[in-house]
1. Select, from I187, I205, I220, I192, the only residue that is part of a helix (DSSP H, G or I), over 14 Å from the mean Cα position of the chain (by Cα), buried (at least 23 other Cβ atoms within 10 Å of the Cβ) and not assigned by TED's automatic domain parsing to the domain that holds L21.
2. From the list L303, L318, which one is modelled with pLDDT of 95 or more and of a type in the set (A, V, I, L, M, F, W, C)?
3. Restricting attention to the stretch 123-160, and to residues there that are of a type in the set (A, V, I, L, M, F, W, C) and out of contact with any Lys or Arg (no Cβ under 9 Å at 6 or more places or on another chain), which single residue is farthest from D322 (Cα to Cα)?
4. For the stretch 37-46, what are the residues that are in a helix (DSSP H, G or I) and under 20 Å from the mean Cα position of the chain (by Cα)?
5. Suppose we keep only residues that are touching a residue at least 40 places away in the same chain (Cβ under 8 Å), under 23 Å from M154 (Cβ atoms) and assigned to a helix (DSSP H, G or I) within the stretch 60-93. Which one would you say is nearest to the chain's Cα centre (by Cα)?
6. Got a sec? Which of L286, L338 is of a type in the set (A, V, I, L, M) and either over 30 Å from R207 (Cβ atoms) or touching a Phe, Trp or Tyr at 6+ places or on another chain (Cβ under 7 Å) (or both)?
7. Taking the stretch 233-260 as the search range and keeping residues that are in contact with a helix residue (DSSP H, G or I) (Cβ under 6 Å, 6 or more places away or on another chain) and not in a helix (DSSP H, G or I), which one is nearest to E306 (Cα to Cα)?
8. Given the structure, is A64 farther than 23 Å from T168 by Cβ, among the small types (G, A, S), surrounded by fewer than 17 Cβ atoms within 10 Å (Cβ to Cβ) and not assigned by TED's automatic domain parsing to the domain that holds A233?
Amino acid sequence: MRTVNVALADRSYPVHIGAGLLREAGALVAPLLAAPRCVIVTNPVVAAHWLEPLRRSLTAAGLASETIVIADGEAHKTWASLQDVLTRLLEIRAERTTTLVALGGGVVGDIAGFAAAIYQRGMPFVQVPTTLLAQVDSSVGGKTGINHPLGKNMIGAFHQPRAVVIDTDFLATLPDRELAAGLAEVIKYGAIRDRALFDWLDADIDRLRARDGEALAHAIAESCRIKAAVVAADERESGERALLNFGHTFGHAIETAAGYGEWLHGEAVAAGMVMAATLSARLSLLPAGDAARLADLLRRAQLPIEAPHFGADRYLALMSRDKKVVGGAIRFVLLRALGDAFVTADVPLAELRAVLS
């Protein structure tokens, strides 16, 4: 087992990574909880594979558990799903000390985390992410929320988990498309912060696609290490944490315009990273060779590198509602080199339109 610590003073928490950790989940989280009662939030697809092993693990650690099952997919990351979770918590008389356990991908984690943030003004929760994307990104850092028809993740709260338990065995049942979507976020970390990680991914992408256990564990641990450091330095995204949005300003617009669920989040981020790298190159910030190398790695990861053509005006309308807009100006994460990202709102409209068109 590898453990990465997210250092947030009295709200610090461990991210445990390893094969077979679902069997140890109860023992890992029980010492961190104030009461021996848990409510598992999951979806039908995940529950069919992993719910009973998790319940056995919690029981073995002396933790009682109940289950809430919500619909699967980004299209269900809505007020209605959140309301269902909150209603069920009230029906079973969950208390402020009851712990929510999110067993699933990013949708389950975001909804369960948001419910935990607002139910009785805050209850503890634990992340047990089952997709690669959730393992390397959404389960770490405390961002929770739901989508709105006018924008992705526009309604939510910061609420840190008590622990994150990442079992790499989950990835054995993950569809190829979902695995690739997770690799987009791993590649993002190398592109924005760690050239050595990017070089390793460039050399070992085939091992990751083949689900080599050691390669996946290394990629997850490195991704969590980078995200933990960024979150510890800037928990609420007032500065450095905005770098984690590389590709997301474009990507969220793709997801919203296409209809939630048509493009997986990682797919939209991949195309968005290519757009951001292309814009960086057009502004003479990033060598064209680096932009091409990023696009090639994403292609070899079986990710889309060309965005859908919605028209520049549609993109601009959606991007102007993004959470990263400050003072009416869209902020972009651009690259000076692979491993060297920065945030700017100083982007000429003509160059932006050229990329969007």
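1. After ruling out the rest, the residue left standing is I192.
2. Only one candidate qualifies: L303.
3. Ranking the qualifying residues of the stretch 123-160, first place goes to V128.
4. Hits for the stretch 37-46 are V45, V46.
5. My answer is E74.
6. After ruling out the rest, the residue left standing is L338.
7. Looking at residues that are in contact with a helix residue (DSSP H, G or I) (Cβ under 6 Å, 6 or more places away or on another chain) and not in a helix (DSSP H, G or I), I get G247.
8. Spelling it out, A64 is indeed farther than 23 Å from T168 by Cβ, among the small types (G, A, S), surrounded by fewer than 17 Cβ atoms within 10 Å (Cβ to Cβ) and not assigned by TED's automatic domain parsing to the domain that holds A233.
The values are calculated or read from the model by the stated rules, or taken from the named source; none is laboratory data. Predicted model, so just to flag it, every value in this text is computed and none were measured. Because the Cβ atoms are built from the backbone with ideal geometry, glycine has one as well, and the counts that use them run over all protein chains shown.
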